[in-house]
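Just passing along the structure, written as structure tokens.
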Amino acid sequence: MKAFVAKPGSRLHILRLDPGDDLLECLNELIEKENIVNGAVVSGIGTFDHCVLHMVMTTSFPAVEHFEKWDDKPLEMSSIDGIIANGMPHLHMVVSDHQYAYSGHVEPGCRILYLGELLIMEFEAEGLERIKNDRGINELRLT
């Protein structure tokens with residue numbers, strides 16, 4: 001385990017997503033526009049008509065990954081969270097249809113159906129970034 005301490009002076013950003021918006025495109029646009037280096041997506045709700053999540057399918061290394069894709073299917077975003085390190089978001093979310101809930105890593109192609117709302121907390125943490133470890137996994141480190 002490695003813990004990192006945020007410095008005082010955090011900013012909060014509220015991002016409203018409209019029908020047809022791509023979640024990751026809009027978040028990356030906000031990160032660039034507001035020059036967000038480090039932060040966290042701490043809350044989010046919304047609906048999708050297209051969505052792509054990936055998840056691991058094995059406990060062995062290297063992991064076998066599965067990409068689940070929904071096209072023209074209404075989904076509810078129950079939660080989303082993750083870390084923005086050195087301007088790069090790493091997010092996981094839970095979506096559901098009328099029968100099941102699904103969870104995984106957010107991929108490009110998550111398109112808003114009716115609305116989306118995200119709360120992003122920006123914080124200072126000099127040198128925080130993701131670096132591939134010897135197993136090829138991007139882990140948080142202070143450089």
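The values are calculated or read from the model by the stated rules, or taken from the named source; none is laboratory data. Note that the coordinates shown come from a computational prediction; the quantities given were computed from them, not determined experimentally. Heads up, the Cβs are rebuilt from the backbone with ideal geometry, glycines too, and the neighbour counts pull from every protein chain shown. For accessibility, only protein heavy atoms count, side chains too; no ligands or nucleic acids. Shrake-Rupley method; radii C 1.70, N 1.55, O 1.52, S 1.80 Å.
Do we find a residue being within 14 Å of the chain's Cα centre (by Cα) and modelled with pLDDT of 95 or more anywhere in region 58-76?
no
In this structure, does Glu129 turn out to be farther than 16 Å from Cys26 by Cα and either part of a strand (DSSP E or B) or open to solvent by less than 60 Å² (accessible area, probe 1.4 Å) (or both)?
yes
Now for a different question. What is the one condition in (1) modelled with pLDDT under 95; (2) open to solvent by less than 60 Å² (accessible area, probe 1.4 Å); (3) closer than 23 Å to Glu117 by Cβ that Val41 does not satisfy?
For Val41, the failing item is (1).
Here's something else I'd like to know. Report every pair of residues separated by at least 6 positions or lying on different chains whose Cβ atoms are under 6 Å apart, first residue within region 120-143 and closer than 27 Å to Gly44 by Cα, second aromatic (Phe, Trp, Tyr) and open to solvent by less than 80 Å² (accessible area, probe 1.4 Å).
These pairs meet every condition: Ala125/Phe4.
Same structure, new question: Give me a count of the residues in region 93-108 that are assigned to a strand (DSSP E or B) and closer than 23 Å to Cys26 by Cα. Spell out the reasoning first.
First pass over region 93-108, keeping only residues assigned to a strand (DSSP E or B): 93-96, 101-106.
So of that shortlist, the ones also closer than 23 Å to Cys26 by Cα come out as 93-96, 102-106.
Number satisfying all stated conditions: 9.
Which of the following residues is acidic (Asp, Glu) and over 15 Å from the mean Cα position of the chain (by Cα): Glu126, Glu122?
Answer to the check: Glu126.
While we're looking at this one, here's another question. Being over 27 Å from Ala101 (Cα atoms) and assigned to a loop (DSSP other than H, G, I, E, B): is that true of Ile36 here?
In short, yes.
Exactly one of these conditions fails for Pro19: (1) open to solvent by 60 Å² or more (accessible area, probe 1.4 Å); (2) farther than 17 Å from Gly104 by Cα; (3) assigned to a loop (DSSP other than H, G, I, E, B); (4) out of contact with any Phe, Trp or Tyr (no Cβ under 7 Å at 6 or more places or on another chain). Give me its number.
(4)
For region 111-120, does any single residue satisfy the condition of being open to solvent by 30 Å² or more (accessible area, probe 1.4 Å), in a strand (DSSP E or B) and touching a Phe, Trp or Tyr at 6+ places or on another chain (Cβ under 8 Å)?
Yes, region 111-120 has at least one match.
Looking at (1) at negative phi; (2) modelled with pLDDT of 95 or more, which is the only condition Gly87 fails?
Going through (1) at negative phi; (2) modelled with pLDDT of 95 or more one by one, Gly87 breaks only (1).
Would you confirm whether any residue within region 52-65 is assigned to a loop (DSSP other than H, G, I, E, B) and open to solvent by less than 60 Å² (accessible area, probe 1.4 Å)?
Yes, region 52-65 contains a residue that is assigned to a loop (DSSP other than H, G, I, E, B) and open to solvent by less than 60 Å² (accessible area, probe 1.4 Å).
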